[in-house]
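Take a look at the structure set out below.
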Amino acid sequence: TTAWAAPPRPLAVLIVGGSRGLGRALAREFAVRGDAVVLTSRSARAARATAAELAAEVQKENSNSSSNNSGRSGPITGLACDVTKPASVAVALRAAQTALGGRLDVAVCSAGIVPPGGPRPLADVRLADVSATIATNLSGVAACCGAGVAAMAAQTPPGGHIFVVDGAGAGGRAVPGFAAYGAAKAGVASLARSLAAELAAASPPVPVGVHTLSPGMVLTPLLLEGASAATKRTAFGVFAEQPETVAAFLVPRARSVVARGGPRSAAIRLLTPATAASKVVAYALGRRPPYFDDDGAPLYPPSPADRLASPAGRDAAGRAGA
């Protein structure tokens, strides 16, 4: 078991796009370790509702837990933020800093969409849907990064860490059926590298780290929309993980980057060639629980709380976070 470095104090964390899916799971994982968390959604109502749900879940988990977590639950706040509108991003960053006591240690850019209708040739996707995907998945991330750097550089003492979430296409691989999504994620990867180099080359250097979180395949509506039953049973059955499992892998490593003060640009990847090969072997040997039946219907509980309450969910999260 690897002991990941822990920050000396609870962190002040912003999760942009934290009301569902992976963003929600990341918010929960930071909070269960004692960090103060602000999560955002386009809808203020959805953000506040998710924050209340998570606060109850985290408090219950920590009260029943004998794990290596802090034993205390960090406060969770929900705010509205539309990443396609720079003014909304700026307002949300200021409100998040206020809610977090005037400091922002970590900002995670997790907002993302795919064109509606599932995988389709680019020629069959409306240009408006392509533009919306780029506006959220790339331009929105750029807006969050710019506002985050400005906020972190201006606080006292200056400094902080920004984590962008990449996805299919980020490594330059083709993503048939999701060309717009893949192009945006390739841009996000380039954006993170370029921004990190830009901040390091400034005179004096800007003390803000820019990092990448690579979650691999995550069983969220974004991944499942339009997927065939065969894809769900095979590719998703072999490689995909629940959001809570992915967050349990990513968050301790992200907190360790913060605790160590660098490197300036880190890449935290769940699905590597080695881990992919191990998943193939585990699937072939029947050591991975099936996620879907022959018709593509899910065999796992629909709610995050129910998934975490199941023995399989706890075991998977524990293995990933070790």
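The values are calculated or read from the model by the stated rules, or taken from the named source; none is laboratory data. A quick note: this is a predicted structure, and the numbers were derived from the prediction, not measured. Note: ideal-geometry Cβ built from the backbone for every residue, glycine included; neighbour counts use all protein chains shown. Calculation scope for accessible area: heavy atoms of the full protein, side chains included, ligands and nucleic acids excluded. Shrake-Rupley method; radii C 1.70, N 1.55, O 1.52, S 1.80 Å.
When the residues of segment 168-196 are narrowed to those that are free of Cβ contacts under 8 Å to residues at least 60 places away in the same chain and charged (D, E, K, R), which ends up farthest from Val208 (Cα to Cα)? Of everything passing the filter in segment 168-196, Arg173 is farthest from Val208 (Cα to Cα). The conditions of being in a loop (DSSP other than H, G, I, E, B) and at pLDDT 95 or above are met by Leu104. Is it the case that some residue within segment 174-181 is assigned to a helix (DSSP H, G or I) and within 24 Å of Ala25 (Cα to Cα)? Yes, segment 174-181 has at least one match.
Each row is one residue, and each column tells you yes or no for (1) open to solvent by less than 10 Å² (accessible area, probe 1.4 Å); (2) out of contact with any strand residue (DSSP E or B) (no Cβ under 8 Å at 6 or more places or on another chain).
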position: Gly21; (1), (2): no, no
position: Val32; (1), (2): yes, yes
position: Ala36; (1), (2): no, no
position: Ser41; (1), (2): no, no
position: Val58; (1), (2): yes, no
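Would you mind stating whether Ser278 is within 23 Å of Ala168 (Cβ to Cβ), open to solvent by 60 Å² or more (accessible area, probe 1.4 Å), without any contact (Cβ under 8 Å) to a residue 40 or more places away in the chain and not acidic (Asp, Glu)? Explain how you work it out, then say what you get.
Details: within 23 Å of Ala168 (Cβ to Cβ): yes; open to solvent by 60 Å² or more (accessible area, probe 1.4 Å): yes; without any contact (Cβ under 8 Å) to a residue 40 or more places away in the chain: yes; not acidic (Asp, Glu): yes.
For Ser278, the condition - within 23 Å of Ala168 (Cβ to Cβ), open to solvent by 60 Å² or more (accessible area, probe 1.4 Å), without any contact (Cβ under 8 Å) to a residue 40 or more places away in the chain and not acidic (Asp, Glu) - is met.
Output the residues belonging to segment 121-160 that are β-branched (Val, Ile, Thr), crowded, with 16+ Cβ neighbours inside 10 Å and out of contact with any strand residue (DSSP E or B) (no Cβ under 8 Å at 6 or more places or on another chain). Can you show your working first?
Taking segment 121-160 and keeping what is β-branched (Val, Ile, Thr), we get 125, 130, 133-134, 136, 141, 149, 156.
Filter again for crowded, with 16+ Cβ neighbours inside 10 Å, leaving 125, 130, 133-134, 136, 141, 149.
Selection gives Val125, Val130, Thr133, Ile134, Thr136.
Within segment 150-162, residues that are touching a residue at least 60 places away in the same chain (Cβ under 8 Å) reach partners that are open to solvent by 10 Å² or more (accessible area, probe 1.4 Å) with beta carbons closer than 6 Å, at six or more positions or on different chains, in the pairs His161/Val258.
Would you confirm, using the coordinates I've provided, whether Gly296 is crowded, with 18+ Cβ neighbours inside 10 Å, touching a residue at least 40 places away in the same chain (Cβ under 8 Å) and assigned to a loop (DSSP other than H, G, I, E, B)?
So Gly296 does not fit the description; no.
Out of all the residues in segment 41-56, is one or more in contact with an Asp or Glu (Cβ under 7 Å, 6 or more places away or on another chain) and either touching a residue at least 12 places away in the same chain (Cβ under 8 Å) or over 20 Å from Val257 (Cβ atoms) (or both)? Before the answer, list the steps.
Taking segment 41-56 first, the residues in contact with an Asp or Glu (Cβ under 7 Å, 6 or more places away or on another chain) are 42.
If we keep only those that are either touching a residue at least 12 places away in the same chain (Cβ under 8 Å) or over 20 Å from Val257 (Cβ atoms) (or both) as well, we get 42.
Within segment 41-56 (the criterion being in contact with an Asp or Glu (Cβ under 7 Å, 6 or more places away or on another chain) and either touching a residue at least 12 places away in the same chain (Cβ under 8 Å) or over 20 Å from Val257 (Cβ atoms) (or both)), the answer is yes, since at least one residue qualifies.
Are any of the residues in segment 102-109 open to solvent by 30 Å² or more (accessible area, probe 1.4 Å) and either in contact with a helix residue (DSSP H, G or I) (Cβ under 9 Å, 6 or more places away or on another chain) or within 18 Å of Glu29 (Cβ to Cβ) (or both)?
The answer is yes, given that some residue of segment 102-109 is open to solvent by 30 Å² or more (accessible area, probe 1.4 Å) and either in contact with a helix residue (DSSP H, G or I) (Cβ under 9 Å, 6 or more places away or on another chain) or within 18 Å of Glu29 (Cβ to Cβ) (or both).
Those residues that are in contact with a Cys (Cβ under 7 Å, 6 or more places away or on another chain) and either of a type in the set (A, V, I, L, M) or under 22 Å from Gly117 (Cα atoms) (or both), I need them from segment 129-157; list them, please. Walk me through it before giving the result.
Here is the first cut: in segment 129-157, the residues in contact with a Cys (Cβ under 7 Å, 6 or more places away or on another chain) are 141, 144-145.
Residue satisfying the conditions is Val141 alone.
Kindly evaluate Gly112 against the criterion of being modelled with pLDDT of 95 or more and under 18 Å from the mean Cα position of the chain (by Cα). Here the answer is no, as Gly112 does not meet what is asked. Considering segment 202-220, and only residues there that are open to solvent by 10 Å² or more (accessible area, probe 1.4 Å), β-branched (Val, Ile, Thr) and farther than 14 Å from Gly171 by Cβ, the residue that is modelled with the lowest pLDDT turns out to be Thr220. Within segment 212-254, the set of residues being in a strand (DSSP E or B) and either within 16 Å of Arg28 (Cα to Cα) or touching a helix residue (DSSP H, G or I) at 6+ places or on another chain (Cβ under 6 Å) (or both) comprises Thr212, Leu213, Val218.
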